[in-house]
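The values are calculated or read from the model by the stated rules, or taken from the named source; none is laboratory data. Small disclaimer: the values here were computed from a predicted structure and weren't measured. Cβ coordinates were reconstructed from backbone atoms using ideal geometry, including for glycine residues, and neighbour counts include every protein chain displayed.
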Amino acid sequence: MQIVATLTWLTFHEARRRRMVVAALLLGGLFVGLYWLGLQAIVNEMNNGDVPFLVRQGAYNFLVVAALYVVHFLTVMLSIFASVDAISGEIATHTIHTIATRPIRRWQIVLGKWLGYVLMVTLYLALLCGGIFAVSWLAAGYLPPNPIAAVGLLILEAIVLLSLSLLLGTQFSTLTNGVVLFMLYGLAFVGAWVEQIGAFLQSSAAIRIGVISSLLMPVESLWRRAAYLMQLPLANAVPTPFTSASLPSTAMVIYAIGYALLALLLALRVFGRRDL
């Protein structure tokens, strides 16, 4: 395990040195700052207008969930772009030949890279979500329900993407890997909306299409469950971009965990047998 820990540390620092990661942190910090300014202006306006307490709570809840949707999108992008060439890029440049030598085993390389990227994205999520929650508390004295569970689901969706990215990277080029990941995410995104509209219209066919897209890529389902957990009880009765007419169940969360583990195990196996 010492070799895996070393590779994890090297992968984490390699990702940290990339300008992409620095840009993501700067953009994330800029977003949190703009969110603070906007929320503070809204809070001042509501206080001056003597807005009822329940209306204020509903507005604050909507703003927090909307801000975390941006964090969700940034995390998806970072997870894909950071790991898309983790395996395929090193194979293409023959850098992998300097690493995949004894006593380092191939599965240790994949596992070390996976842990490094998981650590990086988890810290990124913790910083951004912590910033959003801190701003909401300081400016409005408000925190959404179940914040820890919601952040855990966001971390899980990042792990799903990282595991699938490494699996595809063991077989495809960097470009192909990125195209497939974005197409699967786009399919899941559209399928989620089809499922929601189908649930409102009571269309079983549309709901099935959404469920199938979630099985192919469970990322959007995890976000919809996270958004549901953070909603106020009354908010879920009013249609908004973040309410769920068709709520992903706990079984979908378990499926996503199994999906990520299976993708990781397949990546370990496929890379171990690949001819370099």
Residue in the range 175-183 that is part of a loop (DSSP other than H, G, I, E, B) and either surrounded by fewer than 16 Cβ atoms within 10 Å (Cβ to Cβ) or among the polar types (S, T, N, Q) (or both) present: no
Some residue of the range 200-211 being of a type outside the set (A, V, I, L, M, F, W, C), buried (at least 23 other Cβ atoms within 10 Å of the Cβ) and farther than 27 Å from L27 by Cα: yes
Residue satisfying condition, being out of contact with any Phe, Trp or Tyr (no Cβ under 9 Å at 6 or more places or on another chain), modelled with pLDDT of 90 or more, of a type in the set (A, V, I, L, M, F, W, C) and over 30 Å from S163 (Cα atoms), within set L54, L30, L37: L37
Hey, L232 surrounded by fewer than 20 Cβ atoms within 10 Å (Cβ to Cβ), at pLDDT 85 or above and under 30 Å from A126 (Cβ atoms) or not: no
Top-ranked residue in the range 160-174 [being modelled with pLDDT under 90 and among the β-branched types (V, I, T); ranked as surrounded by the most Cβ atoms within 10 Å (Cβ to Cβ)]: T170
Members of the range 213-232 that are under 11 Å from the mean Cα position of the chain (by Cα) and outside any helix (DSSP H, G or I): P218
Candidates V190, V219, V211 - the one that is within 21 Å of L153 (Cβ to Cβ) and modelled with pLDDT under 85: V211
Among (1) at pLDDT below 80; (2) surrounded by fewer than 16 Cβ atoms within 10 Å (Cβ to Cβ); (3) among the β-branched types (V, I, T), the one test that T243 misses: (2)
